[in-house]
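Here the structure comes first, spelled out in structure tokens, and everything after it is commentary.
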Amino acid sequence: MTLVDTPEQTPETVPAAAPATPRRSRRGDRPHPMDRVTAWLARGLIGFLYVPIAVVVVLSFNSSDITYRWTGFSTRWYGELLHDSELLATLQTSAVVAVVSATLAVAAGLLAVVALPSFGPKVRALLSGGLFLPLVIPEIVLGVAMLSVFAKLHITLSVTTLVLGHLVVILPYAALILLGAHGALDPSLEEAAADLGCGRVRTFFKVTLPLMRQALMAAWLLCFTISFGDIVMSTFTNGVGSTTLPLRVYSLLKGGLTPEINALGTLLILFTFLIILGVGLRQMRQILAGGDRPSS
């Protein structure tokens with residue numbers, strides 16, 4: 001019997017593994033049925049999210065007085081919107097309340113997140129639970145509670161009470177985002193700043209705050225959006241001259257909506273798109289700038 005020596009396999013001679021191929025059905029090269037189902041579900045989800053937005057934009061150019069009945073193309077309702085002083089006043093109130101509430105929520109959330117590590121585990125857990133408790137309490141309960149407090153203290157409902165009510169709702173969201181961002185920071189950076197002679201305040205402004213800039217922006221935008229569209233808390237905390245845009249739109253339901261609301265919605269969608277586009281372009285520039293740096 002003759003033994004035949006086989007060549008020893010080296011990493012260079014071992015054949016590479018075949019690349020993974022997508023699942024195929026048993027009949028020819030057609031995609032697997034589950035792939036088709038997934039594709040249809042993805043299309044349905046995209047349609048569910050964006051078709052209503054497209055409908056609002058299209059109907060804003062409707063010449064009819066009825067929102068859902070298309071009779072022809074017209075920019076009439078954009079002119080009507082510019083002359084509707086009451087609706088523009090509610091829009092201004094919503095914008096001011098949202099800006100102030102989001103700014104206060106981000107500032108308070110940042111201070112709470114920075115101060116939490118200085119407490120013991122039990123106190124920290126207690127404070128964190130109290131900070132995030134409004135997330136699990138129905139907003140209508142919070143609204144009734146805020147109204148009861150204002151009535152007990154004989155505080156007149158105004159823009160100030162509106163801001164305080166929105167602050168209770170959006171503060172947990174800001175704290176949740178900032179807590180995650182602060183926990184992801186490298187503690188050695190703050191330690192290095194302390195070794196170089198920076199005090200706690202200077203380290204906060206020179207090291208911690210710049211590193212959390214993106215999280216602060218994300219928290220502010222989320223809080224602004226929630227506050228701007230809030231209707232439950234606004235119902236209990238608004239007063240004379242502090243009606244917000246959602247409350248105004250809700251009151252118009254009794255008399256019937258006109259395409260003027262669609263025109264306002266289209267302008268808000270455009271404004272939101274411009275903000276997202278601006279933030280996205282800024283992020284892209286930072287990524288490209290980071291990629292151009294020489295690697296060490």
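The values are calculated or read from the model by the stated rules, or taken from the named source; none is laboratory data. Predicted, not measured: the structure shown is a model, and the values here were computed from it. We place every Cβ from the backbone using ideal geometry, glycine too, and count neighbours over all the protein chains shown. We work out accessible area using only protein heavy atoms, side chains counted, and drop any ligands, DNA or RNA first. Shrake-Rupley method; radii C 1.70, N 1.55, O 1.52, S 1.80 Å.
Annotations
- Accessible area of the stretch 117-156 belonging to carbon and sulfur atoms, whole % at 1.4 Å probe: 76 percent
- Placing Cys198, Cys223 in order of accessible area, with the largest value first and a 1.4 Å probe, yields Cys198, Cys223.
- Proximal charge balance of Gly79 [Cβ under 15 Å; K/R count +1, D/E count -1]: -3
- Sorting Ser85, Ser234, Ser188 by accessible area puts them as Ser85, Ser188, Ser234; the probe is 1.4 Å, largest comes first, and only protein heavy atoms count.
- Length gained when the stretch Val240-Ser64 is fully extended (0.36 nm per residue, less Cα-Cα span): 60.1 nm
- More than 23 angstrom apart: percent of Cα pairs within the stretch 83-202: 48 percent
- Relative contact order of the stretch 99-242: 44 percent, from C-alpha pairs under 8 Å at least 6 residues apart in sequence.
- List Arg43, Arg36, ordered by accessible area with a 1.4 Å probe, largest first: Arg43, Arg36
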